[in-house]
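First comes the structure, then the notes that go with it.
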Amino acid sequence: MQNRTSVLSFLVVAAGTAALLATTAQSQFGTPKNYVSLQPTTPGTSQSGHSNVSGTSKAGQFVGGGAGLSNVNADLLDGLDSSAFMSSASPLIVSGTQNGLPVIRGSNASTAANSIGILGEITSTSPGSFSAGVSGVNLGTGGFGIGVWGSQNGGGWGVTGVSVSGRGVYGSATGGSGVSTGVYGESASTSGTGVFGSASAASGSTFGGSFHNFSPSGTGVFGAANATSGSTYGGSFHNFSTSGTGVFGWARATTGTTSGVNGQSDSPAGRGIHGRNSALSGPAYGGYFESIATGASVPLGATAVFGIATSTSGFGYGVRGRSMSENGTGVFGEAYHATGNTSGVYGLAFSELGNGVYGYASGGGTGISGNTQGGSGIGRGVWGTAFNPGGRGVQGDSPSTTGVGYGVFGSAPVITSGFAVFASGDMGASGVKPFRIDHPYDPENKYLLHYAAESPMPQNFYVGNVVTDAKGYAWVELPDYFAEINANCKYQLTVVDGPNSNADDFVQVKVRQKIVGNRFQIRTSMPNVEVSWRVDADRNDLYVRHKEPKDVVEKEGLERGKYQHPELYGMPKERGMNYRPELETLASKPKR
């Protein structure tokens, strides 16, 4: 036993008092003394007196208040019930040495439920004061010291042993109000730990720490780093298993808007959730999100990542990704399921300048990369939807002032019947519309551009050559669908001299019969004459009939009062309908 003289001194004195009770009221010298005498019944009649012996006293039970005890040999008190003096109003101190064993040890051999080895209670109601039911302090300067140590066996608390259902330390704060703490740990060491939990079992679903909160607005685990500087962590979790998880959050409710993990940062440059992967190889993920929701109860399908920027001002980002790798990806989303409304990446932004999904990549990376690998169905690598009147489902910008930039680039080099860029509806451009090929005479260094012809109304044209017969007649055949998609036809005819033509001959040509069905007839003033022809017609398919195209339209919404190219009118760039100040901010940032 350790040195425990101050607290346990009461028991030794009580033991001496009990021994003295075994004597009679008659002294050894025949003179009557006022000593306490033995009584045949329990508890007997209360008596007053004193004892003073130098020998050894022994009794079956000692009862008393313990006031004024001193100079007690703690090693002589093993096995005695100390409950009497443990309730003393005076502070009790136990000290001693006993082969490294506990100074105080509580043992409860009961097999009944709710048994306790040592119980500490405090009833202080003084506001603002510090009170503790049990307080443990370790003043050692070396070794593995512990202020309070509890382990369990058989489901109890504070009893040495190991059990699958017990509790090493159990703290309960049952107060209905106030800032109470079930278990509070504090460490003043520069590398210490306030509370440390360890599950050392080599198997099983063990927990280093398990925290539960049943309040509708409570928090299962709350971590706070109160330092105003330094790389601090409100909570730090480590996992060394090859298939383990550093932090695992699970929202078990099957209804409501729940969150497995919710992170929040109030700093202008802070991060609600920050994920980092420092592996030097392999497909490493700073953050990995997976959605496995299926069935009729999930009508909108599963979303692996869902980002919302609810800020009503500033640059809000539903999801923002950045890649510094030479061939990296800022945000990479995959939807592998062959059917269903799954989304590799889905972002919503309700701010005027917000971004549902925003990707930034320096160097040769990709700001946003979408990939669909389903074997069937209509897969979308990237899908953009705009519900507001002046919105853009997908907008691409190339603000670089040098080089050949592409706001939007589409490629379909393998599918011969596909389109690199396809518009299901009208396609417009504020500039010219060329096609570009490698220059046939200098393909390595030059492009050749040919520009599309412009017209205030949709037009179709058809061209060809025909030779009249011996009487000067010829039918010009047009596609069999001609009459279904064209109206208001215009004709152009040109006589072409052959190698044996007489230069003095003057040949006339005319349209003898206008188009009927899918052909028209021409006539030349001489036989066997070659004629080049062209027919222009107003486009008249079902889409145009329904759309009724116009050549002059009014600007609406946010575009009204703005210019497509304000610089051409001597106006500042902020007057442009496509002006985006955040692009200038990004362009001004140093490349890393």
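The gain in end-to-end length when the Q373 to N226 segment is fully stretched comes to 48.2 nm, 0.36 nm per residue minus the alpha carbon separation. Take the Cα of H450, step 7 Å toward its Cβ, do the same at S525, and the gap between the two points is 3.5 nm.
If you plug the beta carbon distance of V36 and T56 into 1/(1 + (r/R0)^6) with R0 = 25 Å, you get a FRET efficiency near 0.85. Between V529 and T468, the built amide H atoms are under 5 Å apart, and every one of these is 5 or more places off in sequence or on another chain.
Under 5 Å between amide hydrogens, built in the peptide plane, is the criterion, and for N371 it picks out G333, A335 among residues at least 5 positions away or on other chains. With the simple spin-label model, which puts each label point 7 Å out from Cα in the Cβ direction, the S189 to H212 separation comes to 3.2 nm.
If you put +1 on each Lys and Arg Cβ and -1 on each Asp and Glu Cβ, how big is the dipole of region 484-580 around its Cα centre, in Debye rounded to 20?
Using only the charged Cβ atoms, the result is roughly 380 debye.
Spin-label pair Y579-T45: with each label point 7 Å from Cα along the Cα-Cβ axis, the two points sit 11.0 nm from one another. The spacing between region 183-232 and region 507-521, judged by their C-alpha centroids, is 91 Å.
Note the full-extension length gain between Y406 and S236 as 0.36 nm times their separation in residues minus their Cα-Cα distance, in nm to one decimal. Don't skip to the end; give the middle numbers.
Numbers: separation 170, 0.36 × 170 = 61.20 nm, distance 4.35 nm.
In short, 56.8 nm is gained.
Let a ≥ b ≥ c be the square roots of the eigenvalues of the Cα gyration tensor of region 206-312; is it rounded (a/c under 1.5), or, if not, prolate (a/b larger than b/c) or oblate?
Note, shape of region 206-312 comes out rounded.
Taken together, the values in this text are just the output of simple stated rules run on the coordinates, not laboratory data. The structure presented is a predicted model; accordingly, all values stated were derived computationally and were not measured. Cβ: placed from backbone, ideal geometry, glycine included. Neighbour counts: every protein chain shown.
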